[in-house]
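Quick notes on the structure that follows.
The values are calculated or read from the model by the stated rules, or taken from the named source; none is laboratory data. Nothing here was measured: the structure is a model prediction, and the numbers come from that model. Heads up, the Cβs are rebuilt from the backbone with ideal geometry, glycines too, and the neighbour counts pull from every protein chain shown. Side chains are part of the model used for accessible areas, which takes the heavy atoms of the whole protein and leaves out ligands, DNA and RNA. Shrake-Rupley method; radii C 1.70, N 1.55, O 1.52, S 1.80 Å.
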Amino acid sequence: MSCEAPIGIFDSGVGGLTVAKEIMQQLPKEKLIYFGDTARVPYGSKSKETVTAYSRQIIKFLLSKQVKAIVVACNTASALALDTVSKEVEVPMIGVVKPGAKVAVQTTKNGKIGVIGTEATIRSGLYPTLLKAMNPKLEVYEQPCPLFVPLVEEMWLNDPVTKEIAKRYICGLQKQDIDTLVLGCTHYPLLRPILREIVGDQVALVNPAYETAKYLKEVLSLKKLECTENKYQSDHIFYVSDGAEKFRAFASSILACEMIETKDVNIKIFD
Ligand code: DGL
């Protein structure tokens, strides 16, 4: 596999852009091929079988673009499908849940961690399992937030309605005296200003993106796959399964790079 090959990255929609942004910052020489499954978002209300089947199709598509590594920039797919699908391919594949859990353990001081995520991620129980494996004394409190993903996809990032919904989701966790809150869905960092207002400064908000990009860098270096050329900067390509124009507008507002290309792709043919 060539070092100049791109890195594949995927999510159910725009959420993975929060991870892509971090990768662009920490690995500026790498070229990204992003896939957002906008036709089938949200993943968080779907079964393990469905999310695994969708992930397989996307991985097949990314491999057709000759990617040298794949980042599952979706907590739901990381929790439900990563274990299975990573065994089926030869390129290194990394998810966001383990890096997120690692940061949370390093961040908490009182040992009380809150985790918010999609229904499927919370149902999987993966965050508490990983957190307690690192420190059995931790207290972990979870809250699914199913309305957040549609609100983010609609760009209602600073809307009073979103704030009201967020308050209702978070109040139970606040009562548990948590000092750390894991944003266990890649869409949620886009709600950070609202969440910060609600929890105040005494609760640390953990976004797994930074640690994921750091881990990706380590993996690429270990496998001698780091790109050393400068020519691929901002040569990224963004594919979606529906609504390329809407996605382009959103992505341009989130990413610091000019969007070179946003294309629609029929993902179902990659079965
Ligand atoms: N952004 C994804 C996650 O991290 C998926 C959200 C969804 O599609 O429900 O879980």
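Please give the per residue accessible area of the chain, computed with a probe of 1.4 Å over protein heavy atoms only, in Å². Write down the numbers at each step before the final one.
Details: 11900 Å² over 271 residues.
Per-residue value: 44 Å².
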Worksheet item: How high is the relative contact order of the chain, given as a whole-number percent (alpha carbon pairs under 8 Å, six or more residues apart)?
Response: 28 percent
Item to complete: Report the full-extension gain for the segment LYS163 to ASP235: residue separation times 0.36 nm, less the Cα-Cα distance, to one decimal in nm.
Response: 22.3 nm
Worksheet item: Please state the relative contact order of the range 1-149 as a whole percent: Cα pairs under 8 Å, 6+ residues apart?
Response: 23 percent
Worksheet entry | Lys/Arg +1, Asp/Glu -1 at C-beta; the range 125-207 dipole; positive extreme among LEU131, LEU205, ILE165 | LEU131
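Of the trypsin sites (Lys or Arg not before Pro) in the range 132-239, which ones lie in a loop per DSSP and count no more than 14 other C-beta atoms within 10 Å?
On the way: sites: LYS132, LYS137, LYS163, LYS167, ARG168, LYS175, ARG196, LYS214, LYS217, LYS223, LYS224, LYS231; in loops: LYS137, LYS175, LYS223, LYS224, LYS231.
Sparse-neighbourhood loop trypsin sites (Lys or Arg not before Pro): LYS137, LYS175, LYS223, LYS224, LYS231.
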Worksheet item: Roughly how many Å² of PHE250 are accessible to a 1.4 Å probe, to the nearest 10?
Response: 10 Å²
Worksheet item: Put a dot 7 Å past each Cα toward the Cβ at GLN66 and LYS137; how far apart are the dots in nm?
Response: 5.3 nm
Discussion item. Test of understanding: what is the full-extension gain from ARG248 to ASN110, defined as 0.36 nm times their sequence separation minus their Cα-Cα distance?
Written reply: 45.5 nm
Worksheet entry | Average Cα contact separation per residue, the range 179-271, under 8 Å, 6 or more apart, as relative contact order % | 23 percent
Worksheet item: Using the per-residue mean of other Cβ atoms lying within 10 Å as a proxy for protection, in what order, highest first, do the peptides 4-11, 180-187 fall?
Response: 180-187, 4-11
Worksheet item: Quick one: net charge of GLU226's neighbours, Cβ under 14 Å, K/R +1, D/E -1?
Response: +3
Response to the item:
Carbon plus sulfur, as percent of the 1.4 Å-probe accessible area of the chain, comes to 51 percent
Fill in: Sites VAL89 and LYS217, calculated FRET efficiency, Cβ-Cβ separation with R0 30 Å, nearest 0.05
0.90
Worksheet item: Over all distinct Cα pairs, what is the inverse of the mean 1/r for the range 161-271, reported as the Kirkwood hydrodynamic radius in Å?
Response: 17.5 Å
Response to the item:
Helix-only [θ] at 222 nm, the chain, -39500 (n - 2.57) per DSSP H run of 4+, per residue, nearest 500, equals -12500 deg cm²/dmol
Worksheet entry | Where only C-alpha atoms are counted, convex hull volume of the chain per residue in Å³ | 116 Å³
